[in-house]
Amino acid sequence: MDRTDRGVVEEEQPAKCAKGKKNTGKRLRTGAAPARSPVSPQRSATAEDAGPQASSRTRRKWIAAILVLATVVVAAVLWTQRGGSHSVPPPMSAAVAPARHVSGAACASCHAKEDAAWKGSDHDLAMQIADEHSVLGNFGNAKFTYAGQRTR
C-alpha cells in the first residue's frame, strides 16, 4: 500500500524475531531511507562515545578503590601495633611464701631412683655441714694466699 500524500510507504517484508523465527508483520518507512554507515554488532559504548561522563566515572572508581586499599593498610598497621604491647595484660603479683628448705626426704618420696643415685655421691658429700666428721683434709696451721691476702 502506497501513501504518497504523506510520504509514508508501507511495504511488506519478512522480519526476524529475537529468537530467529520469521515474522510476517509490516514495516513502515518514511521517505527515502537515509544512508547509514554499517555498525558492527560487537561495538559497544566506549569512553569516547559516552564522553567525559564515562572517564569521570572510571576515575571515581579508581579513587574509591585506592581509598579502600589505603584504609585497609592503615587498619592493619594499627591492629598490629595495638596487639604488640596491649594485647596481654601485665602479670598480677601473687603472694609468694618465703622460701624454706624442705629436706631431701621430701624429694625422695617422689624421686626414689634419683635419691638412691645421689646418696654417697660427691654432690651429696658436698652438701654436708662442715665439721670434724665431714671435713677430710688436715687444715691445721694451713695458710692460704689469694689476691694479696694471706689467711690461716
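The values are calculated or read from the model by the stated rules, or taken from the named source; none is laboratory data. Model, not experiment: these values are computed from the prediction. Reconstructed Cβ throughout: ideal geometry from the backbone, glycine too, with neighbour counts over all protein chains shown.
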Handout entry: Residue selected from segment 52-106 under the condition of a type in the set (Val, Ile, Thr) and within 30 Å of MET127 (Cβ to Cβ), by the criterion modelled with the highest pLDDT
Key = VAL102
Exercise for the section: Evaluate segment 125-135: report whether one residue or more is in a helix (DSSP H, G or I) and at pLDDT 85 or above. Expected result: yes
